[in-house]
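What follows is one structure encoded as structure tokens, with my remarks underneath.
The values are calculated or read from the model by the stated rules, or taken from the named source; none is laboratory data. Predicted, not measured: the structure shown is a model, and the values here were computed from it. Using ideal geometry, Cβ is built from the backbone for each residue, glycine included, and neighbour counts are taken over all protein chains shown. Side chains are part of the model used for accessible areas, which takes the heavy atoms of the whole protein and leaves out ligands, DNA and RNA. Shrake-Rupley method; radii C 1.70, N 1.55, O 1.52, S 1.80 Å.
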Amino acid sequence: MTVILEGRSNVSKRFKKVENGSVTSPKGYSATGIYANLRKKDKLDLAIILSEVPASCAAVYTLNAFQAAPLKITKDSIAKEGKLQAVICNSGNANACTGEQGEKDAIRIRKEVSEKFSLKEHYIAVASTGVIGELMPMDKISAGIEQLSPVPSIEGGDLFSKAILTTDLVAKTTCYEIVVNGKTVTIAGAAKGSGMIHPNMATMLGFVTTDANIESKDLQYALSDITNKTFNRITVDGDTSTNDMVLVMANGMAENESLTTDHPDWEVFYQALQMACEDLAKEIARDGEGATKLVEVQVEGALSDEDAGKIAKSVVGSSLVKTAVFGADANWGRIICAVGYTGVEVNPSLVDVFIGDIQMLKAGQPIPFSEEDATLYLKGKEVVIKVNLHIGEGEGKAWGCDLSYDYVRINGSYRS
């Protein structure tokens, strides 16, 4: 699959999406996932990504005030040198709200991984996801670490992507190839998340690997900017969790000239990284707990891209919009309501609203449309809502899902 990119510099670029790729697709990475008996069900629950060499890294974190112990330890690791060589992740236990003991446990995990693979401790990131408020079963974690044998195959990456899941129904992966200085550069990722998902990070983890040669500061700039357009544009239920982060490792084994914002191929790298993050974000939204449909909101004609993004997030996050989509009810009034309470400048007499290609509001006035056609469209697996404000050039998108009966069932029995 080849995608044409019209970059911000208006220079066309090409890159290739790699089908069935994984976090081990870039050069120099191995991974695996095992069952360490951390969960009540017999599922993979301990995973690792290992780079052959220390990698430049970048990370973004949840804004929840109660940040879990693994995030604190990962921040500490990255602060030492701006490099990582391994990421250890468990599911089933979040190690959140566990106080001093939780931090000691996260430090111990980092230490045991460093000893197992002969790495510097600060080259290791720690991630956890699962139930909040329970101490880590360290005997099981320690035994599991000893069993980890990462492999550089697609299968190793697939095991990793499955072991990080909690209530997710499917693994979430993506992979792209680009050319930088005549060298093939690969960008791949895996993520988890299906509930407590809301803009500004939530109960989600994203791990991106690349063999690109790039300094940490430039990678951080790209990731921070891209996160605001991708992971911070998804919502499932409005809850923001304690553990979540997106982490990128770039080990330089593609041997391209170091990428900077001034590099002639910076744009294609940035866009490929953005596409990888967008893929993962959309898959998280699609797999929302109890979800039956992926919802994408596209906003045009705002005064700024920031305003457009706020409106898109407001619409996709509206419980009334989400339930209308679940019920296949073309209730455009709920869309307008969600646009109106954002605080963003709008002119109600100019706004257009579409569900799919069916227009329901034109210049602020309702127009006739086929309820049957709209209902049929809303029964599909993907729903696009389009809003045009006609007051500027700003554009933005956001992603979410419908809100179904199953969401209550799943979360009503999460710990059991």
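Between a first residue in region 325-346 that is open to solvent by 20 Å² or more (accessible area, probe 1.4 Å) and a second residue that is small (Gly, Ala, Ser), which pairs have beta carbons less than 6 Å apart while being 6 or more apart in sequence or on different chains?
Hits for this filter: 326/404; 331/324; 334/324; 342/314.
I need the full set of residues from region 115-155 which are open to solvent by 60 Å² or more (accessible area, probe 1.4 Å) and either of a type in the set (Asp, Glu) or on the phi > 0 side of the Ramachandran plot (or both), in order please.
115, 118, 121, 134, 139, 146, 155
Can you tell me how many residues in region 86-111 are open to solvent by less than 40 Å² (accessible area, probe 1.4 Å), without any contact (Cβ under 8 Å) to a residue 60 or more places away in the chain and either out of contact with any strand residue (DSSP E or B) (no Cβ under 6 Å at 6 or more places or on another chain) or farther than 12 Å from residue 70 by Cα (or both)?
Final tally of qualifying residues: 4.
Of all the residues that make up region 356-366, how many are closer than 17 Å to residue 380 by Cβ and surrounded by fewer than 16 Cβ atoms within 10 Å (Cβ to Cβ)?
Within region 356-366, residues that are closer than 17 Å to residue 380 by Cβ and surrounded by fewer than 16 Cβ atoms within 10 Å (Cβ to Cβ) number 1.
Looking only at residues in region 336-350 that are among the β-branched types (Val, Ile, Thr) and assigned to a loop (DSSP other than H, G, I, E, B), which one is farthest from residue 395 (Cα to Cα)?
Going residue by residue through region 336-350, those that are among the β-branched types (Val, Ile, Thr) are 336, 339, 342, 344, 346.
Applying the additional criterion that residues be assigned to a loop (DSSP other than H, G, I, E, B) yields 342, 344, 346.
Working: 342: 15, 344: 13, 346: 14 Å.
Applying the filter and picking the extreme gives 342.
Looking at region 34-47, is at least one residue buried (at least 24 other Cβ atoms within 10 Å of the Cβ), among the acidic types (Asp, Glu) and either under 22 Å from residue 161 (Cα atoms) or touching a Pro at 6+ places or on another chain (Cβ under 7 Å) (or both)?
Looking through region 34-47, at least one residue is buried (at least 24 other Cβ atoms within 10 Å of the Cβ), among the acidic types (Asp, Glu) and either under 22 Å from residue 161 (Cα atoms) or touching a Pro at 6+ places or on another chain (Cβ under 7 Å) (or both).
Any residue that is closer than 19 Å to residue 30 by Cα, touching a Cys at 6+ places or on another chain (Cβ under 6 Å) and of a type outside the set (Ser, Thr, Tyr) - is there at least one of those in region 126-144? Lay out the reasoning, then the answer.
Initial filter on region 126-144 (closer than 19 Å to residue 30 by Cα): 126-127, 144.
Remaining after also requiring touching a Cys at 6+ places or on another chain (Cβ under 6 Å): 127.
Filter again for of a type outside the set (Ser, Thr, Tyr), leaving 127.
Yes, there is a match, as at least one residue in region 126-144 is closer than 19 Å to residue 30 by Cα, touching a Cys at 6+ places or on another chain (Cβ under 6 Å) and of a type outside the set (Ser, Thr, Tyr).
Give the residues of region 293-309 that are part of a helix (DSSP H, G or I) and touching a Lys or Arg at 6+ places or on another chain (Cβ under 9 Å), sorted by residue number. It would help to see each step written out before you state the result.
Filtering region 293-309 down to residues part of a helix (DSSP H, G or I) leaves 305-309.
Matches in region 293-309: 305, 308, 309.
I'm checking my understanding of the structure. Among residues of region 239-260 that are touching a helix residue (DSSP H, G or I) at 6+ places or on another chain (Cβ under 7 Å) and at pLDDT below 95, which one is farthest from residue 381 (Cα to Cα)?
Of the residues in region 239-260, the ones touching a helix residue (DSSP H, G or I) at 6+ places or on another chain (Cβ under 7 Å) are 243, 245-246, 248, 250, 259-260.
Narrowing the set further to residues that are at pLDDT below 95 leaves 243, 245-246.
Details: 243: 30, 245: 28, 246: 27 Å.
Checked region 239-260; the qualifying residue farthest from residue 381 (Cα to Cα) is 243.
Quick check: is even one residue across region 140-156 closer than 26 Å to residue 56 by Cα, in a strand (DSSP E or B) and among the aliphatic types (A, V, I, L, M)?
yes
Please give the number of the condition residue 353 fails out of (1) buried (at least 22 other Cβ atoms within 10 Å of the Cβ); (2) modelled with pLDDT under 95; (3) not basic (Lys, Arg).
Here residue 353 meets the rest and fails (2).
With 210, 227 as the choices, which residue is open to solvent by less than 50 Å² (accessible area, probe 1.4 Å), of a type in the set (S, T, N, Q) and modelled with pLDDT under 95?
On the way: 210 fails: modelled with pLDDT under 95.
Unique residue meeting the criteria: 227.
Which one of 301, 333 is among the small types (Gly, Ala, Ser) and at pLDDT 95 or above?
Details: 333 fails: at pLDDT 95 or above.
Answer to the selection: 301.
Can you tell me which of (1) farther than 20 Å from residue 233 by Cα; (2) assigned to a strand (DSSP E or B); (3) at pLDDT below 95; (4) not aliphatic (A, V, I, L, M) is the one residue 399 doesn't meet?
Failing condition for residue 399: (1).
Return only the number of the condition from (1) in contact (Cβ under 8 Å) with a residue 60 or more places away in the chain; (2) within 16 Å of residue 360 (Cβ to Cβ); (3) of a type outside the set (Gly, Ala, Ser) that residue 307 does not satisfy.
(2)
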